[in-house]
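**Q** Got a structure here, written out as structure tokens. Questions coming.
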Amino acid sequence: MADPSSYRPKPGQIPDSPGVYKFRDEHRRVIYVGKAKNLRQRVANYFQDLAGLHPRTRTMVTTAASVEWTVVSTEVEALQLEYSWIKEFDPRFNVKYRDDKSYPYLAVTLNEEFPRVQVMRGAKKKGVRYFGPYGHAWAIRETVDLMLRVFPVRTCSAGVFKNAARTGRPCLLGYIGKCSAPCVGRVTPEEHRELAEDFCDFMAGRTGTYIRRLEKDMMQAAEEMEYERAARLRDDAEALKRAMEKSAVVLADATDADLIAVAEDELEAALQIFHVRGGRVRGQRGWVTDKVEAVDTSGLVEHALQQLYGEERGDAVPKEVLVPALPEDAEAVSQWLAERRGSQVSLRIPQRGDKKDLMVTVQRNAQQALGLHKTKRASDLTTRSRALEEIAEALGLDTAPLRIECYDISHLQGDDVVASMVVFEDGLARKSEYRRFQIKGFEGQDDVRSMHEVIGRRFKRYLQDKERTGEWEETPETAPAPVPAASGPVPAPALSAASPDDEPREDDGRPKRFAYPPQLVVVDGGQPQVAAAKRALDELGIDDIAVCGLAKRLEEVWLPDDDDPVVLPRSSEGLYLLQRVRDEAHRFAITYQRAKRAKRIRSSPLDDVTGLGETRKQALVKHFGSVKKLRQATIDEICEVPGIGRRTAESVAAALASTAPAAPAVNTATGEIIEEDDGGSP
């Protein structure tokens, strides 16, 4: 525990300007980020008598070892920088709202030549129009199914679209009138885009125009005695009305607003957001967070606004944001929201009328969410504590293993050998800590040797981080033993976002990938895999991490150097937890292995042509129709493709000539040979 006076800035050293400050611990990790109108006043508050500080603030300042700050020009800039740093450094003492699920959106891909309507989750993409979020994907599909009668926009995938264009036959939706079939030229790209824009206008709340137009056309068709057409228009209008009825009118003045409510106690807070567009509730979402810093309702609201709108632009930020309490710097927050929207945003507390009544409903939802969360957490916490205690007792551990890492090897008959590392903390999966490895030390199928390599690489990186930060000093007793040549080299972990070598990154305050050791390492396998993992730890001089293996056949737990397994009762919570950890490692490993295999299968001889990028590869395949036809082309014919010079054409011809044609694919259901003439990507 650090003494705050040891790193307290000298009097007059802190400026009295707006800015953002960071507290770092003794290992230079950023543990808290804050902003202030006046840095001198705000930062000085942290260095008063410890007895006068909030318990959470006291914990933070005694964990910290230094404080630093950055001066900015305005409070809006401070708000933006604070959000950026919280997102970048993930400080442990800042409130962070995390969704308990990925909410689905109704998306219209206006960035494509033929826009597509579909369900999307995850990060938002540029040029795509989003509506929602919705509570369930089926709610989106029901709405889209009703609206396709009036706005027959494309909903098919790129593969289905290309296949229909190649064969000249639309899909089923094209035949039943729920798609305008742009794939076969029934409408022009301009006409289809107009349909997609009308779809977006209706979803954005401009509904009256389209319903009145349909009713007018229906009456005109009836007067002209075109009764079938009038009946279709009547059904179209009814479909739009049913789509509108799925979200009841809550605000009569067609308001666009987000309503935010907070329910909290001393330890946790629940947040609920209702997205109202055109006076109707278009989406709802909620978060629950631990109050890891001393923060009141206004602070929770400010953090929520940063989380909600930090990545949004334009209409995604509504005209009104209704909150239960205004942030401390309400004017700066309003200006920040206005900059993101591009026009004025009203940030206020509703005082009367329909908006106040709706806020009561949102608040009730927040209270129910907090109560449900606390009920679940209480039961889960009891069960998880019992599971960890049972594991500690069965394995002879001194304390419960609060951090468990599990490793699994996956391959297909010795090809694409990969490994996974999953992490459970306090009995819960911590997916941000998951890691993936490629086996690089050797080729072929050897699960035992693969496990030795992975464990060695992971904990070699851990020791490097400890040595660099000063948490661990090498002594003759603790120096890691040299790795025997038989075990192969210890290359860097092949992570999706990892650096290309085993050297730790420069210290920048971000959480390190392998900075935290587990109390228990679990491997998927029996005695051989456990022995390999233990040997890897011994070679690195690590003797304070327990190792065990869980064999699938009889769900036996194996310990190093034991001839007999530990058999936990079938009803044991500890066994259930070990099974969940093992199954999650297996799922994560096989997902990665399948992705690698699929990528290898999709590889093309053109991938080996030096200097030939993805754009020119696609141009070649598009020009000739397939790799098979490209292989039959002459160098002069290849040169006819725009952007392909003679030297490149010679390289392409040589690469294709040196590669034997792949065996034709066979439809196993019909026995039909599928020729390579579909013009697919290389």
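**Q** Take the residues in the stretch 162-202 that are under 23 Å from PHE131 (Cα atoms) and basic (Lys, Arg), then tell me which one is least open to solvent (accessible area, probe 1.4 Å).
**A** Among residues in the stretch 162-202 that are under 23 Å from PHE131 (Cα atoms) and basic (Lys, Arg), the one least open to solvent (accessible area, probe 1.4 Å) is LYS178.
**Q** Among (1) among the hydrophobic types (A, V, I, L, M, F, W, C); (2) open to solvent by 60 Å² or more (accessible area, probe 1.4 Å); (3) more than 24 Å from the chain's Cα centre (by Cα), where does LEU347 come up short?
**A** With respect to (1) among the hydrophobic types (A, V, I, L, M, F, W, C); (2) open to solvent by 60 Å² or more (accessible area, probe 1.4 Å); (3) more than 24 Å from the chain's Cα centre (by Cα), LEU347 is out only on (2).
**Q** Oh, and also: Would you call LEU214 modelled with pLDDT of 85 or more and either of a type in the set (A, V, I, L, M) or not in a helix (DSSP H, G or I) (or both)? Step through it out loud before you land on a result.
**A** Working: modelled with pLDDT of 85 or more: no; either of a type in the set (A, V, I, L, M) or not in a helix (DSSP H, G or I) (or both): yes.
Considered against the rule, which asks whether it is modelled with pLDDT of 85 or more and either of a type in the set (A, V, I, L, M) or not in a helix (DSSP H, G or I) (or both), LEU214 comes out as no.
**Q** So which helices (runs of 4 or more DSSP H) are wholly in the stretch 568-682 and hold at least 1 residues that are within 30 Å of ALA400 (Cα to Cα), modelled with pLDDT of 85 or more and open to solvent by 60 Å² or more (accessible area, probe 1.4 Å)? First the steps, then the outcome.
**A** Working: elements: 573-601, 614-624, 627-632, 635-639, 646-657.
Ranges flagged: 573-601.
**Q** Kindly list the number of the only condition in (1) outside any strand (DSSP E or B); (2) hydrophobic (A, V, I, L, M, F, W, C); (3) more than 30 Å from the chain's Cα centre (by Cα); (4) over 27 Å from GLU268 (Cβ atoms) that fails for VAL61.
**A** (4)
**Q** How many residues are closer than 20 Å to GLU82 by Cβ and crowded, with 20+ Cβ neighbours inside 10 Å if we restrict to the stretch 321-331? Spell out the reasoning first.
**A** Within the stretch 321-331, the subset closer than 20 Å to GLU82 by Cβ is 321, 323, 325-331.
The next check asks that each one be crowded, with 20+ Cβ neighbours inside 10 Å; those that pass are 321, 323, 327, 329.
Qualifying residue count, the stretch 321-331: 4.
**Q** Residues in the stretch 530-540 that are within 16 Å of LEU395 (Cβ to Cβ) and touching a helix residue (DSSP H, G or I) at 6+ places or on another chain (Cβ under 6 Å): how many?
**A** Going through the stretch 530-540 one residue at a time, the tally reaches 1.
**Q** Something else about it: List, please: which pairs have Cβ atoms under 9 Å, are six or more places apart or on different chains, and start with a residue in the stretch 280-308 that is among the aromatic types (Phe, Trp, Tyr) and end with one that is open to solvent by less than 20 Å² (accessible area, probe 1.4 Å) and outside any strand (DSSP E or B)?
**A** TRP287/TYR97; TRP287/ALA304
**Q** Condition first: open to solvent by 50 Å² or more (accessible area, probe 1.4 Å) and of a type in the set (A, V, I, L, M). Now tell me which residues in the stretch 389-428 satisfy that. Full working, then the answer.
**A** Of the stretch 389-428, the ones open to solvent by 50 Å² or more (accessible area, probe 1.4 Å) are 389-390, 393, 396, 398-399, 402, 412-413, 415, 425-426, 428.
LEU402, LEU412, LEU428 - these are the residues of the stretch 389-428 that are open to solvent by 50 Å² or more (accessible area, probe 1.4 Å) and of a type in the set (A, V, I, L, M).
**Q** Please specify each residue of the stretch 254-281 satisfying the condition of being open to solvent by 10 Å² or more (accessible area, probe 1.4 Å) and under 23 Å from the mean Cα position of the chain (by Cα).
**A** Of everything in the stretch 254-281, those that are open to solvent by 10 Å² or more (accessible area, probe 1.4 Å) and under 23 Å from the mean Cα position of the chain (by Cα) turn out to be GLN272, PHE274, HIS275.
**Q** Still on this structure, please answer the following. In the stretch 286-300, how many residues are buried (at least 20 other Cβ atoms within 10 Å of the Cβ) and out of contact with any helix residue (DSSP H, G or I) (no Cβ under 9 Å at 6 or more places or on another chain)?
**A** Final tally of qualifying residues: 1.
**Q** On to the next question. Pull out all pairs, ordered by first then second residue, where Cβ-Cβ is under 8 Å, the residues are six or more apart or on different chains, the first lies in the stretch 516-531 and is at negative phi and part of a helix (DSSP H, G or I), and the second is among the aromatic types (Phe, Trp, Tyr) and open to solvent by 10 Å² or more (accessible area, probe 1.4 Å).
**A** Pairs that qualify, where the first residue is at negative phi and part of a helix (DSSP H, G or I) and the partner is among the aromatic types (Phe, Trp, Tyr) and open to solvent by 10 Å² or more (accessible area, probe 1.4 Å), are GLN527/TRP558; VAL530/TRP558.
**Q** Sticking with this structure for a sec: In this structure, does PRO11 turn out to be in contact with a Ser or Thr (Cβ under 7 Å, 6 or more places away or on another chain) and open to solvent by 20 Å² or more (accessible area, probe 1.4 Å)? Steps first, answer last, please.
**A** Details: in contact with a Ser or Thr (Cβ under 7 Å, 6 or more places away or on another chain): no; open to solvent by 20 Å² or more (accessible area, probe 1.4 Å): yes.
Here the answer is no, as PRO11 does not meet what is asked.
**Q** Return the residue satisfying two criteria in turn: it lies in the stretch 65-86 and is touching a residue at least 60 places away in the same chain (Cβ under 8 Å) and among the hydrophobic types (A, V, I, L, M, F, W, C), and of such residues it is farthest from ARG313 (Cα to Cα). Walk me through it before giving the result.
**A** Our first condition is that a residue be touching a residue at least 60 places away in the same chain (Cβ under 8 Å); within the stretch 65-86, this holds for 65, 67, 74-76, 78-83, 85-86.
So of that shortlist, the ones also among the hydrophobic types (A, V, I, L, M, F, W, C) come out as 65, 67, 76, 78-79, 81, 85-86.
Details: ALA65: 38, VAL67: 33, VAL76: 16, ALA78: 19, LEU79: 16, LEU81: 17, TRP85: 19, ILE86: 20 Å.
The residue in question is ALA65.
**Q** Restricting attention to the stretch 29-37, does a residue exist that is in contact with a Ser or Thr (Cβ under 8 Å, 6 or more places away or on another chain), open to solvent by 50 Å² or more (accessible area, probe 1.4 Å) and modelled with pLDDT of 85 or more? It would help to see each step written out before you state the result.
**A** Filtering the stretch 29-37 down to residues in contact with a Ser or Thr (Cβ under 8 Å, 6 or more places away or on another chain) leaves 31.
Next, from what is left, pick out any that are open to solvent by 50 Å² or more (accessible area, probe 1.4 Å): none.
There is no residue in the stretch 29-37 that is in contact with a Ser or Thr (Cβ under 8 Å, 6 or more places away or on another chain), open to solvent by 50 Å² or more (accessible area, probe 1.4 Å) and modelled with pLDDT of 85 or more.
**Q** Return yes when LYS534 is modelled with pLDDT under 85 and either in a helix (DSSP H, G or I) or more than 30 Å from ASP426 (Cα to Cα) (or both) and no when it is not. It would help to see each step written out before you state the result.
**A** Values: modelled with pLDDT under 85: no; either in a helix (DSSP H, G or I) or more than 30 Å from ASP426 (Cα to Cα) (or both): yes.
Against the criterion (modelled with pLDDT under 85 and either in a helix (DSSP H, G or I) or more than 30 Å from ASP426 (Cα to Cα) (or both)), LYS534 does not qualify.
**Q** Among the residues of the stretch 80-92, count how many are more than 21 Å from the chain's Cα centre (by Cα), modelled with pLDDT of 85 or more and not acidic (Asp, Glu).
**A** So in the stretch 80-92, the residues more than 21 Å from the chain's Cα centre (by Cα) come out as 80-82.
Those left that are additionally modelled with pLDDT of 85 or more: 81-82.
Going one step further and asking which of them are not acidic (Asp, Glu), we end up with 81.
Qualifying residue count for the region: 1.
**Q** Quick one: is GLU539 farther than 15 Å from ILE404 by Cβ, buried (at least 20 other Cβ atoms within 10 Å of the Cβ) and charged (D, E, K, R)? Step through it out loud before you land on a result.
**A** Working: farther than 15 Å from ILE404 by Cβ: yes; buried (at least 20 other Cβ atoms within 10 Å of the Cβ): yes; charged (D, E, K, R): yes.
Spelling it out, GLU539 is indeed farther than 15 Å from ILE404 by Cβ, buried (at least 20 other Cβ atoms within 10 Å of the Cβ) and charged (D, E, K, R).
**Q** Being in contact with a Leu (Cβ under 7 Å, 6 or more places away or on another chain) and either aromatic (Phe, Trp, Tyr) or more than 24 Å from SER6 (Cβ to Cβ) (or both) is the filter here, so list the residues in the stretch 36-70 that pass it.
**A** Correct list: TRP69 only.
**Q** Are any of the residues in the stretch 124-143 out of contact with any Cys (no Cβ under 6 Å at 6 or more places or on another chain), on the phi > 0 side of the Ramachandran plot and modelled with pLDDT of 80 or more?
**A** Applying the first criterion (out of contact with any Cys (no Cβ under 6 Å at 6 or more places or on another chain)) to the stretch 124-143 yields 124-128, 130-143.
When the remaining residues are screened for being on the phi > 0 side of the Ramachandran plot, the result is 127, 132.
Those left that are additionally modelled with pLDDT of 80 or more: 127.
Yes, that holds for at least one residue.
**Q** While we're on this one: When you look at PRO91, is it part of a loop (DSSP other than H, G, I, E, B), in contact with a helix residue (DSSP H, G or I) (Cβ under 6 Å, 6 or more places away or on another chain) and either of a type in the set (S, T, N, Q) or under 30 Å from SER334 (Cα atoms) (or both), yes or no?
**A** Details: part of a loop (DSSP other than H, G, I, E, B): yes; in contact with a helix residue (DSSP H, G or I) (Cβ under 6 Å, 6 or more places away or on another chain): no; either of a type in the set (S, T, N, Q) or under 30 Å from SER334 (Cα atoms) (or both): yes.
When the stated conditions are applied, PRO91 does not pass them.
The values are calculated or read from the model by the stated rules, or taken from the named source; none is laboratory data. Treat the numbers as computed from the prediction; the structure is a model and nothing was measured. Cβ sites come from the backbone with ideal geometry, for glycine too, and all protein chains shown count toward neighbours. Protein only, heavy atoms only, side chains kept; ligands, DNA and RNA dropped before computing areas. Shrake-Rupley method; radii C 1.70, N 1.55, O 1.52, S 1.80 Å.
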